[in-house]
Amino acid sequence: MKTVLLIDFGSTYTKLTAVDVDNETLLGTAAAYTTVQTDINDGLKAGLAALNKKTGHSTYDECYTCSSAAGGLRMVTSGLVPELTGEAARLASLGAGAKVVGVYAFQLTEDDLQDIQDSNPDIFLLVGGTDGGNTECILHNARMLASIKPTFPVVIAGNRTAARQCQRILEGCDVYVCPNVMPKFGVLKIEETQKQIREIFLNRIIQAKGLSKATELLSDIMMPTPSAVLQAMELLAQGCDGEPGIGELVAVDVGGATTDVYSVADGMPEHMNTVYKGLPEPYAKRTVEGDIGMRYSIQGIVDAAGIDRVSRLSGLTCQRAEELIADLKEHTDKVPNGDPELEALDFALASLAIEEAVTRHAGTIEETYTMMGQTFVQEGKNLTKVQQIVVTGGSLIHTARTEQIAAFAQYSPKKPASLRPKQADVWVDRTYILAAMGLLSQHYPKTALRIMKKELEFYGNSEQADSRRRVSETASGSAEPVAHG
Amino acid sequence: MIVENKKKVLVIGVIGADVHAVGNKILYHAFTEAGFEVVNLGVMVSQEEYIAAAIESAADAIVVSSLYGQGELDCRGMRQKCDEAGLKGIPLVVGGNIVIGKQKFEEVEKRFKDMGFDRAFPPGTAPETTIEALRELLHMDGEQV
Ligand code: B12
């Protein structure tokens with residue numbers, strides 16, 4: 001029997017997963033509080049002890065790790081036009097598993113430079129201009145960056161005509177040149193840049209953050225955690241040699257501070273009468289909503305949905321909901337633990353977090369009437385035909401109402417312009433194995449896929465989820481929309 | 001040393017809510033054939049889209065098509081937006097069936113020139129004529145493209 005240990009160094013928890021590769025089974029999972037400030041080894045040791053107790057093993061044949069500790073991979077990007085190369089840079093960074101802490105377009109100003117220095121990113125992504133197109137902006141931005149003598153690495157992935165000149169301008173800094181993220185108008189080419197970002201992350205950042213000490217004993221860190229999750233989702237959707245995937249999917253991870261949404265789907269217009277506008281989006285797309293989270297970003301949910309809806313969905317009065325929310329903001333580690341009021345509130349918050357985050361991730365469709373009748377304009381990805389939704393996150397896995405919450409990821413006639421899945425099955429990652437399976441997939445894709453199919457809890461067709469959601473909402477006296485008309 | 005002879009870049013598309021796609025495709029091929037680098041935005045293109053594409057691709061000219069008769073409305077303010085976006089002086093040309101019905105073309109042309117377009121073309125202008133006019137406008141006379 002060959003055993004593999006998979007470790008995810010998170011910002012608050014170190015999560016461990018052990019698998020038996022030969023028998024394609026999960027041996028066990030464990031988590032321990034991470035203490036990056038002091039010594040990451042403490043958390044790791046505690047986690048390992050707990051895991052070993054469950055698995056009955058004390059050593060493992062192989063070990064792979066990913067990390068989002070110490071703030072994860074923090075990036076700042078600059079492009080030319082916000083909707084074009086600006087957006088291409090942002091999508092490339094998010095897909096590489098980064099936390100994007102600054103997005104700039106057009107020419108950088110002195111004030112921008114000050115902000116960039118203050119945010120002190122792990123990597124700066126400098127793009128702008130299609131190949132043979134505008135060079136002025138990226139050259140200006142390279143000169144501006146050079147003037148602050150950046151201590152962070154700079155990845156240049158803009159107009160190829162200007163790339164080498166940018167490199168010379170930034171001589172003496174840690175500079176990498178990649179192919180243009182938008183070589184032609186409307187063509188997104190981000191894979192090479194993402195690979196480079198990941199490499200820098202491994203070589204430089206892990207060491208700078210003192211994570212190498214912990215991992216020396218075990219193995220090198222392979223990638224940022226979100227990147228591992230994205231790879232797991234691609235594998236789950238597409239399958240691999242000898243094992244079919246489950247098809248196009250949307251995945252949502254509702255965390256305490258952020259909500260991550262992944263889609264592995266083509267998303268192009270379905271009908272001839274629909275015109276696509278804007279930058280085509282990546283097949284495997286990740287977005288992060290930094291203002292949507294169950295504890296640190298609880299206010300963002302309320303701001304987006306309104307306290308009335310929180311109240312309606314939870315069955316609590318507005319005043320009571322506000323009191324509890326104020327308390328949760330203070331005590332971010334509080335969990336419902338059987339308290340019916342908190343359970344009801346978390347149910348409402350998680351539902352609204354999913355609704356908001358997936359709405360922002362999905363594309364939109366707009367109807368325009370021309371003299372010949374209807375025409376449609378689509379922007380972003382059309383996910384209406386996606387039939388699988390994967391959900392995870394504490395508030396979803398520690399409740400019996402997961403299906404009902406997940407139903408909020410779906411299309412709603414109240415927001416017909418939002419192209420969310422119309423009818424989907426729900427899969428729940430109760431054991432928190434997605435990142436681990438992304439890691440495992442690097443060497444054992446078939447095993448990783450089979451374990452995911454076995455371990456993710458399947459909730460069948462959401463038609464049922466819908467009716468359950470309907471019941472729950474009428475029971476709490478709500479007038480919420482129902483997914484299917 | 002091989003000097004890279006940079007092709008002139010044209011941004012083309014059909015403006016507004018106009019879905020007439022055939023002429024646009026013909027122009028794309030004709031312009032490409034004639035040695036231009038063409039960024040084709042297709043149909044239903046907003047002023048902002050032309051401008052964004054022209055900035056990124058450092059375009060030499062924007063070629064607007066309008067077939068369904070609402071060209072005048074759709075083109076209004078485009079020159080000002082170009083100025084605002086830093087595309088000062090970029091050649092703007094328009095053609096197709098840019099206004100409704102039969103109107104004296106000199107008057108139509110004058111109205112479009114007043115709006116800041118460099119050239120406006122009457123219905124039925126052939127691709128060859130269009131290319132000739134663009135070469136003249138971009139000072140490409142005699143240049144091998
Ligand atoms: C096919 C067609 C349609 C199809 C389009 C299908 C499609 N997706 O392409 C459909 C049925 C959808 C349609 C709808 C409409 N149409 Co229609 N349509 C036509 C038709 C018959 C042919 C167009 C065509 O493809 N021509 C062939 C191509 C090669 O020529 P072209 O488009 O003119 O382009 C050439 C030149 O104009 C020039 N050119 C184009 N752009 C530029 C730019 C510059 C700078 C230059 C120099 C030259 C240039 O070069 C091109 C290549 O040679 C014309 C009539 C006609 N015979 O032209 C009417 C016509 C264009 N339509 C017309 C109208 C009114 C409409 C509708 C508003 C109403 C209706 N009754 O249906 C709707 C509008 C829909 C919308 N939102 O856009 C009118 C426009 C009247 C006007 N401008 O005064 C026309 C002229 C018919 C008419 N005589 O009334 N239409």
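The values are calculated or read from the model by the stated rules, or taken from the named source; none is laboratory data. Quantities reported herein were computed from a predicted structural model and do not represent experimental measurements. Methodologically, a virtual Cβ is constructed for each residue, glycine included, from the backbone with ideal geometry; neighbour enumeration extends over all protein chains shown.
Would you mention how many residues in region A:376-427 are part of a strand (DSSP E or B), under 16 Å from A:Leu352 (Cα atoms) and out of contact with any Ser or Thr (no Cβ under 9 Å at 6 or more places or on another chain)?
Summing the residues that are part of a strand (DSSP E or B), under 16 Å from A:Leu352 (Cα atoms) and out of contact with any Ser or Thr (no Cβ under 9 Å at 6 or more places or on another chain) in region A:376-427 gives 1.
I need the helices (runs of 4 or more DSSP H) fully contained in region B:39-145, keeping only those with at least 1 residues that are farther than 18 Å from B:Ala21 by Cα and within 12 Å of the ligand (Cβ to nearest atom).
B:71-75, B:105-114, B:127-137
Counting only residues that are free of Cβ contacts under 8 Å to residues at least 40 places away in the same chain and over 26 Å from the mean Cα position of the chain (by Cα), which one in region A:113-132 is farthest from B:Val39 (Cα to Cα)?
A:Gln114
Counting only residues that are hydrophobic (A, V, I, L, M, F, W, C) and not in a strand (DSSP E or B), which one in region A:275-297 is modelled with the lowest pLDDT?
Checked region A:275-297; the qualifying residue modelled with the lowest pLDDT is A:Leu279.
What about B:Ala30, is it more than 10 Å from the ligand (Cβ to nearest atom) and either closer than 24 Å to B:Glu128 by Cβ or in contact with a helix residue (DSSP H, G or I) (Cβ under 9 Å, 6 or more places away or on another chain) (or both)?
It is false that B:Ala30 is more than 10 Å from the ligand (Cβ to nearest atom) and either closer than 24 Å to B:Glu128 by Cβ or in contact with a helix residue (DSSP H, G or I) (Cβ under 9 Å, 6 or more places away or on another chain) (or both).
Working only within region A:46-70, note down all residues that are in a strand (DSSP E or B) and over 29 Å from A:Pro121 (Cβ atoms).
A:Glu62, A:Cys63
Restricted to region B:30-46, and to residues that are more than 9 Å from every other protein chain (Cβ to nearest Cβ) and crowded, with 21+ Cβ neighbours inside 10 Å, which residue is nearest to B:Gly16 (Cα to Cα)?
In this case the residue turns out to be B:Val38.
Filter region A:328-361 for residues that are among the charged types (D, E, K, R) and surrounded by 20 or more Cβ atoms within 10 Å (Cβ to Cβ); which is nearest to A:Lys422 (Cα to Cα)?
Here the answer is A:Glu355.
Here are some residues: B:Lys81, B:Lys25. Which one is surrounded by fewer than 21 Cβ atoms within 10 Å (Cβ to Cβ), more than 12 Å from chain A (Cβ to nearest Cβ) and touching a helix residue (DSSP H, G or I) at 6+ places or on another chain (Cβ under 7 Å)?
On inspection, the qualifying residue turns out to be B:Lys81.
Tell me the helices (runs of 4 or more DSSP H) entirely within region A:83-155 that contain at least 2 residues that are within 14 Å of chain B (Cβ to nearest Cβ).
By residue number, A:87-95, A:136-147.
For residues in region B:4-16 being assigned to a loop (DSSP other than H, G, I, E, B) and surrounded by 19 or more Cβ atoms within 10 Å (Cβ to Cβ), which is nearest to the ligand (Cβ to nearest atom)?
Among residues in region B:4-16 that are assigned to a loop (DSSP other than H, G, I, E, B) and surrounded by 19 or more Cβ atoms within 10 Å (Cβ to Cβ), the one nearest to the ligand (Cβ to nearest atom) is B:Gly16.
Can you tell me how many residues in region A:133-181 are at positive phi and free of Cβ contacts under 8 Å to residues at least 24 places away in the same chain?
Total meeting the criteria: 1.
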